[in-house]
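Structure first, commentary second.
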Amino acid sequence: MHERYLIEASNLSRRFGKSRIFRGISFSVESGECFFITGPNGSGKSTLVQIIAGLQKPSEGKLAIKLNGKEILESLWRHIGFASPAMNLYERLTVYENASFAFRGKDKSLINHYISLFGLGKHKDKEARILSSGLRQRLRLITAMINSPGIVLLDEPGSNLDVEGKDVLFREIEKIKKESLVIIASNDPEELKLCHKGIDLAKQNS
Amino acid sequence: MISNPLFFVFIVVLIIWIGIALLLFRIDRKISLVEKEVSEALDEK
Amino acid sequence: MIRRSLNFVIRGLILQNRIVKLLKKDFYIEFRSRASINISLAFAGITTLSVSLTSATMNLPFRVHSILIWVIIFFSAMNSLSHIFIREEEEGTSIFLSIHSEAEEIYIAKLLFNFILFIVITVVVTPLYLFFMQIWPENFIFFASSVFCGSTALSSITTTLGAIVAKTSMRSSLFTVISFPLTIPVLWISINLTASSLEGGSVDLLNLLFLLAFSGVIVSFSYLLFKFIWMEQ
Amino acid sequence: MFLYRLVYVLMPIGIFLSLLWVPPANILGDASRILYFHVPVAWVSFLAFLVAGLHSIALLIKKSEILYREAMAYNSAAIGMVFTVLTVITGSIWAKVSWGHFWNWDPRETSIVILMLIYIAYFSLFSALKSNPNRWGISSVYLIISMIIAPFLIFIVPRVYPSLHPDTIINQDKKIHLEASMRITLFFLVVTFTLLYGYIYKITNKLSLIIIKLRSSHDI
C-alpha cells in the first residue's frame, strides 16, 4: 500500500443557527492510526464525523484531507467508508442489493465474502426492512468496509451488536487499522480501547 | 372628482408612497430589534 | 485543454456506470413499493374518467381538450415527481446515497427516472383521454411530439424543484407554490401546441424547439447547481 | 452613499416634472402621468430581481461571507417584492383608466404577476428552510433558476403569443406619441427610482451586516 492518508483539522467549529455545537477542535491523524472521538451525548460526535466525511461543512476552521501529501478536493467519497446510526439503508432493497449498491469494485465475489464475514449469509435475500436492528448495524458496517477504503469513519459501530457481532467488528478493525485510517466515535470504553489516541469533546468545549 | 384623470394619478402616487413607507416601517422594526439585542449584549458584559 | 476534456470523458464513463446502478436501485424500490406510481396512475385514470363522464356528450372546443389533458398529466405527475427526492429524505437514506455517489450522478439518475415516469404517465393518460372523449388529432405526429416535448420540459424543471423541496421542512405543500411560477411558461406553450395540433394546424417547429431548448438550458444549469442543493458546499 | 442621497433632491424635481411640467399625452390626457411612476416602479422590480440573482451567483462562486451575501440577495428580493406589488396595483389602476378593466391578462401583466409569484415562492422557500444550515445554497439555486426562466417569460412568451387585445392604447402611445419632454421626464424618474432602490438597499445591507457581526461576536 502506497496510499498514505492524512487528516488535519485545525480549529474546527460548527454552529447550527444561533447555537454552537463545538469549537476549537484540532487534531491530525495518519494512515495506520486509529483515532477515537468521545464525549457525552449532544457534544457533537456525530456532527464531527459527518464533517470529516464531507456531509457537513465546518462553520469555522479548516479541514484538510490529504492523499500522499496532496489535498483531496474532489470526490472525497471515493476514499471513505462511513457508517452511522443516522445513515439508513434502503428498506426495500435486499441485503445483497444494499451491499452491492455500496460496492464499487469489479470482483463481485467480495460482496458475498463480506456478507458471510459479518454473519448475514442466510439473510442475504431478505429485504432490509425485515432485519432486526443488530443485523442492520452489521449491514451498515459491511457497506462501510466493502470497498476497503483508505479512510474508515465509524459512528457508534458497536450499537445494537451482540457479542458475536462485536467480535467480528473488533477483528476487522484490528485488521484494517494497520493500513487504513480509522476514526471511531463512541462512548463504549471497549471500542475506544482499539485506538491509541483521540479527543474528548467534553474537555475541548470547557 | 372621479372622472378627473388627475385623481387616478394622485392615487397611484399615494399608493407608491404607502408602499415605500411600509418598507421603511419594516426596516425600522428590524432596527429596534437590533437595538434590543445590542443593549442585552452590553448588559451581559 | 485536451487533458481536461479527456478527463471529462473518463469521468463521464465512470458516471454512466454509477448512474445505471442508481437508476436500477430507484426502479427496484419503486416497483417493490409501487406507492407513488400507482397513486399517479389511479389519479390519472379517475380524473380522465370523471371528465369524460360529465362532458363526453358536449362538444368542447379543442383548446379546452388540450387544457384538460395537460391539467390531468401535470397533477398526476406532480406527486411522484417530488416523491423521488422526498423519499430519500424521509427514510433517512440520503446519507447512504451521498456517501456512495457524486451529486451529479444522483441528479442525472433522478432526472432520467422522473423523465421515464412522466412518459409512462403521459402514455397512459393521453390515449385514455382520446379514447373516452372520442377525439382524434389531425396530425398525430405533431400531437405526439407536442406532448413529448412538453413532458421533457416539465420533468426537467420539476426534478430540480423536487430536490429543493425535499430539503425543506414543508415538502409537498411547498412544491406547488414554488413550481407554479416556473412551470407556467412550459405549460402555457404545451397547451397551445397541443391545441393547435388537435385543431389540425401546421407543425409549429419553432415552439417545439423552444420546449426542447428550455429543457436543455434547465438541465445544464441544474447539473451545475445540483451539488449546492444536495449538500453543503 | 452620497450618490444615493441625491434621491432627496431628484425625487421632488421628478414629481414636479411629471405632474406640472410635462404636457398631457394626446389620447389619455392627464391620466398618462401615471406612466412616469408606473414604469420606474416596474423597472425597479425587475432590477431588484436581477441584483438578487447576481448576488446568488456570486455567493455560489465565492462561497465566502456566506451570511452577508445571503442577506444581500434576500434584501434585494424583499425590496423587489414591495415594488412588484406596487407595479401590479398601479398597473391595474392604469388599465382601468385606459381600457376600462382592472385586469386583462395582457402579456405584460402576466409576466409581472409571474414575477410576483416567483418572489412569493422565494420567500416561502426561505422561511421553510429556517432550520437548514444549507439555506444559502438552496435559496440561491432557486433564485438563479428562476432568473434563467424569467427571460423566457418576459421576452419570449409575449412575442410568441400576441395579446388577446390588439395593440393597446398604451403601446401605441409609447410608440407614437412620446414626445421629447415626456421621454426626458420618464428617464429622469427611472434614474430617481433606481437611486431610491439603491438607497434603501444600502441601508438594509448595512443593517444586515450589523446583525451578522453582532450574532457572531455574541457567543465567542
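Every number in this text was worked out from the coordinates using simple rules, so none of it is lab data. From a predicted model like this one, the values you see are computed outputs, not experimental measurements. Methodologically, a virtual Cβ is constructed for each residue, glycine included, from the backbone with ideal geometry; neighbour enumeration extends over all protein chains shown.
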Taking the highest mean first, how do the peptides A:38-45, C:201-208 order by number of other beta carbon atoms within 10 angstrom per residue? A:38-45, C:201-208
Residue by residue through segment D:103-120, the couplings from Karplus 6.51 cos²θ - 1.76 cosθ + 1.60 with θ = phi - 60°, in Hz, x for Gly and Pro, are 9, 10, 6, 5, x, 5, 5, 4, 5, 5, 5, 5, 4, 4, 5, 4, 4, 4
For segment D:41-51, 3J(HN,Hα) per residue [Karplus equation, 6.51 cos²θ - 1.76 cosθ + 1.60, θ = phi - 60°, Hz, x = Gly/Pro]: 5, 5, 4, 4, 5, 6, 4, 4, 4, 4, 4
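Taking each residue of D:80-93 in turn, how many C-beta atoms of other protein chains fall within 10 Å of its C-beta, and what is the average? Let's see the in-between values first.
Details: counts 0, 1, 6, 4, 1, 3, 9, 2, 0, 6, 7, 1, 0, 5.
Across D:80-93, the average partner-chain Cβ count within 10 Å equals 3.
Where the only charges are on Cβ atoms (+1 Lys, Arg; -1 Asp, Glu), what is the dipole of segment C:96-233 about its Cα centre, to the nearest 20 debye? Write out the running numbers ahead of the final one.
Working: 4 positive and 7 negative charges, 68 e Å.
It works out to roughly 320 debye.
When a footprinting reagent is the concern and you count Cβ atoms within 10 Å, what order do D:THR84, C:THR168, C:THR126 take, fewest first? Mind dumping the intermediate values first?
Values: D:THR84 27, C:THR168 24, C:THR126 21.
Ordered from fewest to most neighbouring Cβ atoms within 10 Å, D:THR84, C:THR168, C:THR126 come out as C:THR126, C:THR168, D:THR84.
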Rg(Cα)/(2.2 N^0.38 Å) for segment A:5-205, N = residue count: 1.01
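Treating only the Cβ of Lys, Arg, Asp and Glu as charged (+1, +1, -1, -1), what charge dipole size does chain C show about its Cα centre? Round to the nearest 20 debye. Could the numbers behind the result be given before it?
Numbers: 15 positive and 13 negative charges, 112 e Å.
That gives chain C a dipole magnitude of about 540 debye.
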Taking the 0 to 90 degree range and rounding to the nearest ten, how far is the long axis of helix C:103-133 tilted relative to the main principal axis of chain C, both from C-alpha atoms? 10
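Give the average, rounded to an integer, of partner chain Cβ atoms located within 10 angstrom of each Cβ in B:10-18. Walk me through the intermediate numbers first.
On the way: counts 3, 4, 15, 8, 0, 7, 11, 2, 2.
Mean shielding count: 6.
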Amide H neighbours of A:GLY81 under 5 Å, at least 5 residues apart or on other chains, H built in the peptide plane: list them. A:ILE151, A:VAL152, A:LEU153
Among C:GLU30, A:GLU127, which comes first, second and so on when ranked by fewest other beta-carbon atoms within 10 Å? A:GLU127, C:GLU30
Distance from the Cα centre of segment A:161-206 to that of segment C:88-110, in angstrom? 27
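So if we plug the beta-carbon distance of C:LEU212 and A:ALA202 into 1/(1 + (r/R0)^6) with R0 = 41 Å, what FRET efficiency do we get, rounded to 0.05? Please list the in-between numbers first.
Details: r = 59 Å, r/R0 = 1.43.
Efficiency, rounded to the nearest 0.05: 0.10.
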Any chymotrypsin sites (Phe, Trp or Tyr not before Pro) in segment D:69-139 that lie in a DSSP loop and have at most 14 other Cβ atoms within 10 Å would be D:PHE102, D:TRP103, D:TRP105
Considering segment C:102-169, what Rg and Dmax in Å follow from its alpha-carbon atoms? 15.1, 48
Cα-based Rg then Dmax for the protein assembly as shown, in Å, read 30.0, 94
Hull surface divided by four, with the convex hull built on the Cα atoms of segment D:54-104: how many nm²? 4.2
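Would you calculate, for the protein assembly as shown, the mean residue ellipticity at 222 nm contributed by helices, counting each DSSP H stretch of 4 or more residues as -39,500 (n - 2.57) and dividing by all residues, to the nearest 500? Walk me through the intermediate numbers first.
Values: 25 runs with 467 residues, N = 704.
So the calculated ellipticity at 222 nm is -22500 deg cm²/dmol.
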Give me the angle, in degrees from 0 to 90, between the Cα long axis of helix C:205-230 and the longest principal axis of the Cα atoms of chain C, rounded to the nearest 10. 30
First select every other residue whose beta carbon is under 10 angstrom from the beta carbon of A:SER31; then total the charges, Lys and Arg +1, Asp and Glu -1. -1
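Mind pulling the per residue volume of the convex hull built on the Cα atoms of chain D? Å³ is fine. Mind dumping the intermediate values first?
On the way: hull volume 29.4 nm³, N = 220.
Value for chain D: 133 Å³ per residue.
Can you give me the relative contact order of chain A as a percent, contacts being Cα pairs under 8 Å and 6 or more apart?
Numbers: 387 pairs, mean separation 64.6, N = 206.
About 31 percent, as a whole number.
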Loop only per DSSP, at most 15 neighbouring Cβ atoms within 10 Å: give me the trypsin sites (Lys or Arg not before Pro) in segment D:13-89, ordered by residue number. D:LYS63
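So if R0 is 30 Å, what FRET efficiency would C:SER202 and C:ASN38 give, r being the distance between their Cβ atoms, rounded to the nearest 0.05? Walk me through the numbers before you get to the answer.
Working: r = 40 Å, r/R0 = 1.32.
The computed FRET efficiency comes out at 0.15.
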Viscosity 1.002 mPa s, temperature 20 °C: Stokes-Einstein D of chain C from its Kirkwood Cα radius, in µm² per second? 114
In whole percent, what relative contact order does segment D:1-79 give with Cα contacts below 8 Å and a gap of six or more residues? 23
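Net charge within 12 Å of A:GLY134 by Cβ-Cβ distance, Lys/Arg positive one each and Asp/Glu negative one each, not counting A:GLY134 itself?
Values: positive: A:ARG136, A:ARG138, A:ARG140, A:LYS166; negative: A:ASP162, A:GLU164.
Net of charged neighbours comes to +2.
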Acute angle (nearest 10 degrees) that the helix A:163-176 long axis makes with the longest principal axis of chain A, alpha-carbon atoms: 60
Debye intensity ratio I(q)/I(0), log10, segment A:87-192, q values 0.12, 0.17, 0.18, 0.24 Å⁻¹ (C-alpha model): -0.37, -0.76, -0.86, -1.50
Measuring from centroid to centroid over Cα atoms, what is the spacing of segment D:55-133 and segment A:18-71 in Å? 40
Work out the mean other chain Cβ neighbour count within 10 Å for the residues of D:203-215 and drop it here as an integer. 3
Which pairs break 27 Å Cα to Cα here: A:LYS62/A:LYS197; A:LYS166/C:LYS24; B:LYS45/D:LYS206; D:LYS63/D:LYS213; A:LYS175/A:LYS203; A:LYS203/B:LYS36? A:LYS166/C:LYS24; A:LYS175/A:LYS203; A:LYS203/B:LYS36
